[in-house]
1. Restricting to region 108-129, and then to whatever is surrounded by 15 or more Cβ atoms within 10 Å (Cβ to Cβ) and part of a loop (DSSP other than H, G, I, E, B), can you tell me which residue is nearest to the chain's Cα centre (by Cα)?
2. Looking only at region 140-173, filter to residues that are touching a Leu at 6+ places or on another chain (Cβ under 6 Å) and over 19 Å from G62 (Cα atoms); which one of those is most open to solvent (accessible area, probe 1.4 Å)?
3. Return the residues of region 130-184 that are of a type in the set (V, I, T), closer than 19 Å to Y65 by Cβ and in a helix (DSSP H, G or I); say none if nothing qualifies.
4. So, K24, is that one open to solvent by 60 Å² or more (accessible area, probe 1.4 Å), touching an Asp or Glu at 6+ places or on another chain (Cβ under 6 Å) and more than 20 Å from L128 (Cα to Cα) or not?
5. If we scan region 92-107, do we find a residue that is in a helix (DSSP H, G or I) and open to solvent by 70 Å² or more (accessible area, probe 1.4 Å)?
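The values are calculated or read from the model by the stated rules, or taken from the named source; none is laboratory data. What you are looking at is a predicted structure, and each value in this text was computed from that prediction instead of being measured. Cβ placement follows ideal geometry from the backbone for every residue including glycine, while neighbour counts extend to all protein chains displayed. Calculation scope for accessible area: heavy atoms of the full protein, side chains included, ligands and nucleic acids excluded. Shrake-Rupley method; radii C 1.70, N 1.55, O 1.52, S 1.80 Å.
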Amino acid sequence: MATSSSSSSSPLFLGFDLSTQQLKAAILDRSGSFIHESSVHFDRELPQLGTTNGALHGDLPGEVYCNVVVWIEALDLLMNKLKAAGVQFGDIVAISGAAQQHGSVYWDDAASPLLQKLDATQPLACQLVPEAFSTCKCPIWQDSSTTEECQIIEKELGGSHTVSNLTGSRAYERFTGAQIFKETPWNL
């Protein structure tokens, strides 16, 4: 989807929304009026990455994730759409972003130097994937593969009620803590 109105030399504001199935950008002017909106639907526009409704299913029961390359290639494609639509990037004075609940990206120590030397003429994926990430498999909110880890966390901390009192929530499978615990079990 792409909509556009007249170009503007006033300050512009760029907002990104990463949902399960798409990455969307909206550009607003100072008054809050939409100047342009574009999106990239993962299944439709990046079919080579194999998502179904924006997700991939792993080998473990309940394992649902997205490969980080989906989001990175979507960002490249979306920025190209904005450029083709004539968006004046120099007029953008602020950028914000919102992302789906409980999607986890695991950066590696190599990320910082790679990010510092990005080349705007090259796609992001070939500059970052896989080296910038400790894993390219990013669990998303639909994942329920960490029941055992959640049980251990709650047991070790004194039960679900105690966990809820400490953190504001009991241990849920889709939360990042249980996901990290699954990948790097500590000796409790």
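1. V129
2. To start, the set of residues in region 140-173 that are touching a Leu at 6+ places or on another chain (Cβ under 6 Å) comprises 145, 156, 163.
Remaining after also requiring over 19 Å from G62 (Cα atoms): 156, 163.
Working: E156: 97, V163: 8 Å².
If we take residues in region 140-173 being touching a Leu at 6+ places or on another chain (Cβ under 6 Å) and over 19 Å from G62 (Cα atoms), then E156 is most open to solvent (accessible area, probe 1.4 Å).
3. Step one: filter region 130-184 for residues of a type in the set (V, I, T), giving 135, 140, 146-147, 152-153, 162-163, 167, 176, 180, 184.
Applying the additional criterion that residues be closer than 19 Å to Y65 by Cβ yields 135, 140, 146-147, 176, 180, 184.
Of everything in region 130-184, those that are of a type in the set (V, I, T), closer than 19 Å to Y65 by Cβ and in a helix (DSSP H, G or I) turn out to be T147, T176, I180.
4. Values: open to solvent by 60 Å² or more (accessible area, probe 1.4 Å): yes; touching an Asp or Glu at 6+ places or on another chain (Cβ under 6 Å): yes; more than 20 Å from L128 (Cα to Cα): yes.
Taking the combined requirement at face value, the residue satisfies it.
5. Filtering region 92-107 for residues in a helix (DSSP H, G or I) gives none.
No, region 92-107 contains no residue that is in a helix (DSSP H, G or I) and open to solvent by 70 Å² or more (accessible area, probe 1.4 Å).
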